[in-house]
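Asks: Mind looking over this structure? Questions follow.
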Amino acid sequence: MLYFNFIQGLVEGYLCALDCLPMKAPYYNFCLLALLVANAACSTSNKPPQPTTKNDSNTSLQECIGPVPFKTPLISNIYTADPSAHVFDGKIYIYPSHDLDDNPPSSNQGDHFGMKDYRVFSLNSMQCGPLIDHGEALNIENVPWAQKQMWAPDAAFKNGTYFLYFPAKDKNGIFRIGVAASPSPTGPFTAQPQPIPGSYSIDPAVFVDDDGTAYMYFGGLWGGQLQNWRTGAYSADGVIPGAGEPALGPRIAKLTDDMLHFDGDIKEAQIVDPEGNPIAGDDWLRFFFEGAWMHKYKGQYYLSYSTGPTHYLVYATSDKPTGPFTYRGRLLNPVKGWTTHHSIVEYDGAWYIFYHDSSLSGEDNKRCIKVAPLTYNADGSIKIIDPD
Ligand code: FUB
């Protein structure tokens, strides 16, 4: 087939060139160009299918029209959520979920968050909005193991490669975490054929420490299925802990140097109150629900997360990336909409929180990402942010 197309391209280009011979030079040049294009088309049409079709439709939007607005939707032509922001190569890259216009019916398994692809956005600087849309980075059609619900992703860079981590339900309806790689921060990303072995639940957040060691923090309750893994194996009957029991912590897994596997056992992050007692299962104002994020400030590791049904973003700190973490307080007051999910990033000496709300649509599953400044008190505590 490859050989046939090549010959066909040559013949067609050649016939076109012959037709043009009596014509004036510009037309002749045009036909020679057609010959080249025909052959080029031939040589690309037989490449194996690419992982995704790159649609950099808006990358021409380089024009800087002013500072990035705070607490205002950053993207309004599509719905976006769960923004993971990172500084790569001096720019801010944002990896959000892409909420659908038409979602499946609501269920307590979160079916109404039916996302199918990821897109990448960037900012050349915080003084230079709007966001640049780099198009599709990964589509569920190119993830062999995934069935549905591509929820909150994250990205990381190591050894010259960019990695996109993402949860999705496998063919058995169980959330797993996948990884896809690209030489570019904007993708397209090529997914590994299988999820990360041993992975489960949702909301991966990957933190690469100063010594190059990478850790994944993950997990989420209810539709995120973390309660189904309390024994280390999946149980459809899993329930979340109640009064008198410690709440479930997010999971922590060290990543192998190639960033594609877990290195050793998955651990549970211990989150304790200032007296050293585990946060209890019924302490819904402080317990971990979903959306973990890790950042480091002045040598301290900050584990921040959503309290789910009470709609706060809160944080706990440790002098180690693996904890135990001591609860410190609230970080973001409740947003419009049920879910609250964030990332924290330092850029040009200032700190920012990226988050989402439902202000654009008024619907819980059609969200929009926003950014706000984040500041610390002298004792390392974070000043509470109002989302509006
Ligand atoms: O976007 C789907 C889910 O909603 C995320 O995985 C959760 O963190 C919540 O934001």
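Asks: Along the Cα-to-C-beta direction of residue 63, a point sits 7 Å from the Cα; which residues of segment 106-140 have their amide N less than 16 Å from that point?
Replies: Of the residues in segment 106-140, 128-133 have backbone N under 16 Å from the label point off residue 63.
Asks: Ratio of segment 234-339's C-alpha Rg to 2.2 N^0.38 Å, to two decimals?
Replies: Ratio of Rg to 2.2 N^0.38 Å for segment 234-339: 1.11.
Asks: Using R₀ = 35 Å, calculate the FRET efficiency as 1/(1 + (r/R₀)^6) where r is the Cβ-Cβ separation of residue 388 and residue 296; round to 0.05.
Replies: About 0.80, to the nearest 0.05.
Asks: Can you list the residues, at least 5 places off or on another chain, whose amide H is less than 5 Å from the amide H of residue 88, using H built in the peptide plane?
Replies: Under 5 Å from the amide H of residue 88 lie the amide H atoms of 93, each far enough along the sequence or on another chain.
Asks: So, one more: Can you give me the long-range amide H partners of residue 385? Hydrogens built in the peptide plane at 1.01 Å from N, cutoff under 5 Å, separation of 5 or more residues or another chain.
Replies: Amide H to amide H, under 5 Å and 5 or more residues apart or across chains, residue 385 pairs with 332, 333.
Asks: Can I ask one more? How high is the relative contact order of segment 317-379, in percent, with contacts defined as C-alpha pairs under 8 Å that are six or more residues apart?
Replies: Taking the mean separation of contacting Cα pairs over the length of segment 317-379, I get 23 percent.
Asks: Still on this structure, please answer the following. Report, by chain and number, residues whose modeled amide H sits under 5 Å from the one on residue 360, excluding near sequence neighbours (fewer than 5 apart, same chain).
Replies: Under 5 Å from the amide H of residue 360: 368.
Asks: Starting with the highest mean, order 105-118, 374-387 by the number of other Cβ atoms within 10 Å, averaged over the residues of each peptide.
Replies: For the peptides 105-118, 374-387, the packing ranking is 105-118, 374-387.
Asks: If Rh is defined by the Kirkwood formula over all Cα pairs and Rg also comes from Cα, what ratio Rg/Rh do you get for segment 277-368?
Replies: Ratio of gyration radius to Kirkwood radius: 1.00.
Asks: Percent of alpha carbon pairs in segment 322-361 separated by more than 11 Å?
Replies: That fraction is 74 percent.
Asks: Let me ask another. Run the simple label-point estimate for residue 124 and residue 89 please: 7 Å along Cα→C-beta, distance reported in nm.
Replies: For the pair residue 124/residue 89, the computed spacing is 1.4 nm.
Asks: At a Förster radius of 22 Å, what calculated FRET efficiency corresponds to the Cβ-Cβ distance of residue 78 and residue 194, to the nearest 0.05?
Replies: So the FRET efficiency works out to roughly 0.15.
Asks: Compute the distribution of all C-alpha to C-alpha distances in segment 69-111, in bins of 10 Å from 0, and list the percent of pairs in each, rounded to whole numbers.
Replies: P(r) for segment 69-111, in whole percents per bin: 21, 42, 27, 9, 1.
Asks: Pairs of Cα atoms under 8 Å, at least six residues apart: use those to get the relative contact order of segment 256-311, whole percent.
Replies: Normalised by residue count, the contact order of segment 256-311 is 23 percent.
Asks: Now for a different question. If r is the Cβ-Cβ distance from residue 256 to residue 106 and R0 is 35 Å, what FRET efficiency results, to the nearest 0.05?
Replies: 0.35
Asks: So, one more: Tell me the volume per residue, in Å³, of the convex hull enclosing the alpha carbons of segment 168-287.
Replies: 142 Å³
Asks: Looking at this model, which pairs from 91/298; 91/336; 254/296; 71/296; 116/171 are more than 18 angstrom apart at the alpha-carbon?
Replies: Going by Cα-Cα distance, 91/298; 91/336; 71/296 fall outside the 18 Å limit.
Asks: Mean shadow of segment 70-151, computed from the convex hull of its alpha carbons, in nm²?
Replies: Average projection, Cα convex hull of segment 70-151: 6.6 nm².
Values in this text are rule-based calculations from the coordinates and carry no lab data. Being a predicted model, the structure only gives us computed values, none of them experimental. A quick note on method: Cβ atoms are made from the backbone with ideal geometry, for glycine too, and the neighbour counts reach across all protein chains shown.
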